[in-house]
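Written below as structure tokens is the structure these notes are about.
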Amino acid sequence: MAAVARTARLASRLAATPLQTVARPAVFAGAQRAAFSVSAKRTKSEVIKETEVPVSVYNPDAKGVASSSSVDHFKIPVQPGAAGEPTPEEEQVQPLQDKVFRQMPRTLQKMTVKDKVIIITGGARGLGNHMARACAEAGAKAIAIFDANQDLGDEAAAELHQKTGLPVSFFKVDVRDGNAINAAVQNVVDLYGTPDVLVNSAGIADSNIPAETYDPAMFRRLIDINLNGSFLMAQAVGKAMMAAGKPGSIILVASMSGSIVNYPQEQSCYNASKAGVIQLGKSLAAEWAKYNIRVNCISPGYMDTALNKVPALDAQKKIWKSLTPQDRLGAVDDLNGLCVFLASDASGFMTGSNVIIDGGYTLY
Ligand SMILES: NC(=O)c1ccc[n+]([C@@H]2O[C@H](COP(=O)([O-])OP(=O)(O)OC[C@H]3O[C@@H](n4cnc5c(N)ncnc54)[C@H](O)[C@@H]3O)[C@@H](O)[C@H]2O)c1
């Protein structure tokens with residue numbers, strides 16, 4: 001029995017992050033693998049699906065309730081799950097208005113990124129793009145997207161500016177290129193002021209490559225983008241914060257693969273790169289606390305980003321889901337709340353943390 005459970009668990013350890021894949025700013029300012037047989041945790045038929053939920057309200061102000069000692073009973077219909085394409089409402093990006101901010105309680109004000117200048121790498125698409133949108137909704141003063149993809153980057157920045165009216169820039173920067181990074185960061189300082197926040201989401205993945213046949217040049221390339229890129233970005237933005245004497249928050253997107261080994265597909269390089277990012281984040285946090293610069297990592301589990309949305313991965317996704325307690329992949333915007341929290345002053349006593357956000361996957 002234990003062997004069956006272990007096989008099932010190992011079968012689930014598939015790629016946490018299957019992705020593949022100077023400074024010229026565009027300023028928009030209003031300025032597979034084998035099928036595995038796994039025993040399901042539970043069959044769908046065992047799951048009770050409510051169509052109505054009974055509600056009891058204890059509220060003297062509620063309609064039809066005379067006093068707190070009386071109770072109002074009614075039923076609410078249960079809507080089917082909202083998985084799938086984003087609704088037009090979800091596509092909206094609504095910037096935080098000054099008036100609304102002023103009316104917020106202090107706790108919620110602290111949870112915003114009001115007036116912060118934010119650099120987001122890998123913001124042309126995927127998780128980085130959605131974190132950029134979230135920062136815009138949470139009060140950012142200006143957003144700079146750094147990405148190697150010119151077309152997507154231009155499109156993403158133009159769209160975010162158009163939807164919010166906020167100043168948004170795109171810089172075509174490869175995170176392996178220290179000179180381009182430095183030039184672009186200086187340009188952000190000149191345009192908007194010293195950055196308050198860096199979100200480093202740029203990254204790639206190779207998977208299904210056994211270590212004994214891994215091309216050393218490919219190995220170096222991935223480490224160069226995922227690990228050296230995280231360092232070069234953090235160093236450039238950290239130096240700008242130090243030079244201005246400004247406190248800041250640096251958020252490195254790592255992966256649960258930095259803490260667990262995926263199975264069955266071999267991806268030693270990716271796992272090592274993300275473990276390196278986590279340890280880099282902790283080391284920088286310890287070194288830079290004296291400058292009031294916080295450094296934390298976000299470690300996602302399996303996320304339903306564009307690269308996972310291919311029919312060839314359907315079988316794998318079933319396995320990933322079946323061993324995730326929440327029985328789903330992460331949505332492309334599931335990192336947003338954590339990103340805003342780590343960027344905000346509400347996480348002021350938090351540094352050197354690695355927050356795993358995986359629907360419970362690493363619990364098993
Ligand atoms: N999708 C997942 O399941 C998952 C899980 C865990 C961790 N992650 C991590 O989250 C981050 C974002 O993943 P995603 O799913 O949004 O990926 P994605 O491929 O959709 O987006 C990555 C972005 O990074 C950019 N990029 C790639 N190489 C670059 C380079 N050298 N310089 C600058 N930009 C570069 C790409 O152009 C792209 O816009 C990555 O670091 C990834 O490892 C993803």
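Would you call Val340 more than 16 Å from the ligand (Cβ to nearest atom) and open to solvent by less than 30 Å² (accessible area, probe 1.4 Å)? Yes: the conditions hold for Val340. Of all the listed residues (Val175, Val189, Val168), the sole one being open to solvent by less than 50 Å² (accessible area, probe 1.4 Å), closer than 30 Å to Pro88 by Cα and not small (Gly, Ala, Ser) is Val168. Scanning the range 206-218 for residues that are open to solvent by less than 70 Å² (accessible area, probe 1.4 Å) and either within 16 Å of the ligand (Cβ to nearest atom) or within 22 Å of Ala286 (Cβ to Cβ) (or both) returns Asp206, Ser207, Asn208, Ile209, Ala217. Applying a threshold of 6 Å to beta carbon distances and a minimum spacing of six or more residues, or different chains, the list of pairs starting in the range 194-205 at a residue that is within 10 Å of the ligand (Cβ to nearest atom) and ending at one that is modelled with pLDDT of 95 or more and assigned to a loop (DSSP other than H, G, I, E, B) reads Ser201/Gly122; Ala202/Gly122; Ala202/Val175. Of all the criteria given as (1) open to solvent by less than 30 Å² (accessible area, probe 1.4 Å); (2) of a type outside the set (Val, Ile, Thr); (3) away from the ligand (no atom under 11 Å from the Cβ), the one not satisfied by Ala244 is (1).
Screening Gly123 against (1) buried (at least 24 other Cβ atoms within 10 Å of the Cβ); (2) away from the ligand (no atom under 16 Å from the Cβ) leaves a single unmet condition, (2). Could you list, in sequence order, the residues of the range 126-165 that are away from the ligand (no atom under 16 Å from the Cβ), open to solvent by 10 Å² or more (accessible area, probe 1.4 Å) and assigned to a helix (DSSP H, G or I)? Once the filter is applied, which keeps residues that are away from the ligand (no atom under 16 Å from the Cβ), open to solvent by 10 Å² or more (accessible area, probe 1.4 Å) and assigned to a helix (DSSP H, G or I), the range 126-165 yields Glu137, His161, Gln162, Lys163, Thr164. Evaluation of Val93 against the conditions (1) away from the ligand (no atom under 16 Å from the Cβ); (2) modelled with pLDDT of 75 or more; (3) open to solvent by 40 Å² or more (accessible area, probe 1.4 Å) shows that the sole unmet condition is (3).
State which residue is most open to solvent (accessible area, probe 1.4 Å) when the search covers only the range 292-323 and only residues that are within 12 Å of the ligand (Cβ to nearest atom) and part of a loop (DSSP other than H, G, I, E, B). The qualifying residue most open to solvent (accessible area, probe 1.4 Å) is Lys309. Take Asn228 and decide whether it is more than 14 Å from the ligand (Cβ to nearest atom) and open to solvent by 20 Å² or more (accessible area, probe 1.4 Å). No. Can Val100 be described as on the phi < 0 side of the Ramachandran plot, crowded, with 24+ Cβ neighbours inside 10 Å and at pLDDT 95 or above? So Val100 fails the test. Residues in the range 260-291 that are within 16 Å of the ligand (Cβ to nearest atom) and among the charged types (D, E, K, R): Lys274 only.
The values are calculated or read from the model by the stated rules, or taken from the named source; none is laboratory data. Everything numeric in this text was worked out from a predicted model, so none of it was measured. Ideal geometry is used to build each Cβ from the backbone, glycine not excepted, and the neighbour counts take in all protein chains shown. Ligands, DNA and RNA are excluded from the accessible area calculation, which covers all protein heavy atoms including side chains. Shrake-Rupley method; radii C 1.70, N 1.55, O 1.52, S 1.80 Å.
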